[in-house]
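Engineer: Structure incoming, see below.
The values are calculated or read from the model by the stated rules, or taken from the named source; none is laboratory data. As the structure is a computational prediction, the values presented were derived from the model and not from experiment. Neighbour counts are summed over all protein chains in view; Cβ atoms, including those assigned to glycine, are modelled from backbone coordinates with ideal geometry. What goes into the accessible areas is simple: the full protein's heavy atoms, side chains included, and nothing from ligands, DNA or RNA. Shrake-Rupley method; radii C 1.70, N 1.55, O 1.52, S 1.80 Å.
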Amino acid sequence: MGMNMTEKILAQHAGLESVAPGDIVTCNLDMVLANDITAPPSIKEFEKIGRPVFDNTKIALVPDHFQPAKDIKSAGLAKIVRDFAHKNHIVNYFEQGRVGIEHVILPEFGIVGPGMLTIGADSHTCTYGALNGFSTGVGSTDLAVAMATGKAWFKVPEAIKVELTGKKPAGINGKDVILTLIGMIGVDGALYQSLEFAGEGVASLTMTDRLTISNMAIEAGGKNGIFPFDEQTKAYEDAHMKKPYTPVAPDDDAKYARTVTINLSELKPVVAFPHLPGNTKRVCDIKEPIKIDQVVIGSCTNGRLEDLEIAASIMKGHKVDENVRCIVIPGSQAIYKEAMHRGYMDTFIDAGCVVSCPTCGPCLGGYMGIMTAGERCVSTTNRNFIGRMGDTTSEIYLAGPHVAAASAILGRIAVPEEVE
């Protein structure tokens, strides 16, 4: 019986010829990831095991959520991670000045790639499926065991085939694609299932689009999201990956629980209304103006160079609305530097934006962009739950960089075509 991409990776890492949905398998891991929030409890449990780390080159520690430290407690969390990294000679530890948002820098540094199996104590670890790998989030205890053994167990998920047809039009990005999909199937529509993307439409998606889409597979309840390996993937890996990799492709007779089809050429810019990522509406269908107080452009979902390029192209020559705070957060130091060389930072600052160092910050209500009662934010982040960015009466509208930039200028949810 044929296997899909997820099944092939799990079978290979379990040392089996084949696996099927529902099988319980123990797999060897290629990379184990944690951040400044999730690493400390994992380290505490790891130390109870009484074993050394399984491989100091296969653990990545990225203090990105509350760093640079916003208070004494967050400084203490960072110190736990720093001390553990130094004690165990962790190769992929990213100190301040070298750090970026974890799900941005791991692909950027070539730490994750095709055919690899990665787990992380962060739900958006599923991002790396964009690179044709299997990656998923786990709890801190599972991560502790993984740091000691290099292994983790999985229940092989069923797969949903997401058939992408047509060609992505200008003004549409990966955020519109994934929000449209979540709006179609719901926030539990892929519960413990793999979202496997296929079809002619994949070719029109940039790597940034794919990273955004895979990043939010968890917002549909997915165990992971994964893309096929193609020429775009190869070009990306040739530029970033320094070690051999083995791509996977689905067999012609691979089995899927169902197929969902999206015609990219028909897509319009969308936003997810409070308080779920599946509460999506096309911007053109919004009848009454929705005034906003804040815009956030960044995060592991939309903080890459292409996202900043889109936002800067719209903001150039314009000013952020006088009643709006706009925060721009590059996903990594390399992105920050390149955006600066290209003049994007000048554009943002001239428009009246706040430009931050790379951090998760406002996405999880950590710091920099916390909202007070009744405020509204258009954000390129991945979650808009109640209280996610501050007061429980504040509201988050998820969108891509096109809509976010236009909304910052006009002071209401808008598309670039409305900006004069």
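Engineer: Identify all residues within segment 200-211 that are free of Cβ contacts under 8 Å to residues at least 60 places away in the same chain and not acidic (Asp, Glu); write none if there are none.
Structural biologist: Within segment 200-211, VAL202, ALA203, LEU205 qualify.
Engineer: Just one of (1) closer than 30 Å to ASN88 by Cβ; (2) among the hydroxyl-bearing types (Ser, Thr, Tyr); (3) out of contact with any helix residue (DSSP H, G or I) (no Cβ under 8 Å at 6 or more places or on another chain) trips up TYR192, so point out which.
Structural biologist: The number of the failed condition is (1).
Engineer: Would you mind telling me which numbered condition in (1) within 29 Å of THR393 (Cα to Cα); (2) buried (at least 17 other Cβ atoms within 10 Å of the Cβ) HIS275 fails?
Structural biologist: (2)
Per-residue answers, yes or no, for (1) assigned to a helix (DSSP H, G or I); (2) buried (at least 18 other Cβ atoms within 10 Å of the Cβ):
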site	(1), (2)
MET368	no, no
VAL378	no, yes
ASN382	no, yes
GLY387	no, no
THR392	no, no
ALA405	yes, yes
ALA408	yes, yes
GLU420	no, no
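Engineer: Out of (1) within 17 Å of the chain's Cα centre (by Cα); (2) open to solvent by less than 10 Å² (accessible area, probe 1.4 Å); (3) farther than 15 Å from LEU398 by Cβ, the odd one out for ILE335 is which?
Structural biologist: (2)
Engineer: Can I ask one more? How many residues are small (Gly, Ala, Ser) and within 19 Å of LEU305 (Cβ to Cβ) when one looks only at segment 170-203?
Structural biologist: 3
Engineer: Considering only residues that are free of Cβ contacts under 8 Å to residues at least 12 places away in the same chain and charged (D, E, K, R), which ones fall in segment 370-406?
Structural biologist: none
Engineer: Would you please list the contacts, defined by Cβ atoms under 6 Å and residues six or more apart or on different chains, that run from a residue in segment 297-315 that is at positive phi to a residue that is part of a helix (DSSP H, G or I) and surrounded by 24 or more Cβ atoms within 10 Å (Cβ to Cβ)?
Structural biologist: SER299/CYS363
Engineer: Do you know which residues across segment 314-332 are among the small types (Gly, Ala, Ser) and buried (at least 24 other Cβ atoms within 10 Å of the Cβ)?
Structural biologist: Within segment 314-332, GLY331, SER332 qualify.
Engineer: Restricting attention to segment 140-172, which residues are under 17 Å from ALA203 (Cα atoms) and either touching a Gly at 6+ places or on another chain (Cβ under 9 Å) or open to solvent by 50 Å² or more (accessible area, probe 1.4 Å) (or both)?
Structural biologist: Answer for segment 140-172, where residues must be under 17 Å from ALA203 (Cα atoms) and either touching a Gly at 6+ places or on another chain (Cβ under 9 Å) or open to solvent by 50 Å² or more (accessible area, probe 1.4 Å) (or both): LYS161, VAL162, GLU163, LEU164, THR165, GLY166, LYS167, LYS168, ALA170, ILE172.
Engineer: Looking at segment 91-105, is at least one residue farther than 22 Å from CYS300 by Cα, open to solvent by less than 60 Å² (accessible area, probe 1.4 Å) and within 25 Å of the chain's Cα centre (by Cα)?
Structural biologist: Among the residues of segment 91-105, not one is farther than 22 Å from CYS300 by Cα, open to solvent by less than 60 Å² (accessible area, probe 1.4 Å) and within 25 Å of the chain's Cα centre (by Cα), which makes the answer no.
Engineer: Select from segment 173-200 the residues that are part of a loop (DSSP other than H, G, I, E, B), touching a strand residue (DSSP E or B) at 6+ places or on another chain (Cβ under 7 Å) and open to solvent by less than 20 Å² (accessible area, probe 1.4 Å) and list them in ascending order.
Structural biologist: The one that is part of a loop (DSSP other than H, G, I, E, B), touching a strand residue (DSSP E or B) at 6+ places or on another chain (Cβ under 7 Å) and open to solvent by less than 20 Å² (accessible area, probe 1.4 Å): ALA190.
Engineer: Cβ-Cβ under 7 Å, sequence separation 6+ or interchain: first residue in segment 46-59 and within 13 Å of LYS151 (Cβ to Cβ), partner of a type in the set (D, E, K, R) and in a loop (DSSP other than H, G, I, E, B). Which pairs?
Structural biologist: Close Cβ pairs (under 7 Å, with a partner that is of a type in the set (D, E, K, R) and in a loop (DSSP other than H, G, I, E, B)) amount to LYS58/ASP30.
Engineer: Given the condition more than 20 Å from ALA408 (Cβ to Cβ) and either in contact with a Gly (Cβ under 9 Å, 6 or more places away or on another chain) or open to solvent by 40 Å² or more (accessible area, probe 1.4 Å) (or both), answer yes or no: does some residue in segment 290-313 qualify?
Structural biologist: Yes, segment 290-313 contains at least one residue that is more than 20 Å from ALA408 (Cβ to Cβ) and either in contact with a Gly (Cβ under 9 Å, 6 or more places away or on another chain) or open to solvent by 40 Å² or more (accessible area, probe 1.4 Å) (or both).
Engineer: Name the residue, out of SER135, SER123, that is surrounded by fewer than 24 Cβ atoms within 10 Å (Cβ to Cβ), within 13 Å of the chain's Cα centre (by Cα), within 27 Å of LEU191 (Cα to Cα) and of a type outside the set (Asp, Glu).
Structural biologist: Every option except SER123 fails the conditions.
Engineer: Among the numbered conditions (1) under 17 Å from the mean Cα position of the chain (by Cα); (2) open to solvent by 60 Å² or more (accessible area, probe 1.4 Å), tell me where THR359 comes up short.
Structural biologist: Just one mismatch for THR359, condition (2).
Engineer: Just a yes or no: is a residue in segment 233-255 farther than 24 Å from SER123 by Cα, of a type in the set (Val, Ile, Thr) and either open to solvent by 60 Å² or more (accessible area, probe 1.4 Å) or in a helix (DSSP H, G or I) (or both)?
Structural biologist: yes
Engineer: Which condition does PRO289 not pass, out of (1) touching a Lys or Arg at 6+ places or on another chain (Cβ under 9 Å); (2) of a type outside the set (A, V, I, L, M); (3) closer than 30 Å to GLU95 by Cβ, if it passes all the others?
Structural biologist: The number of the failed condition is (3).
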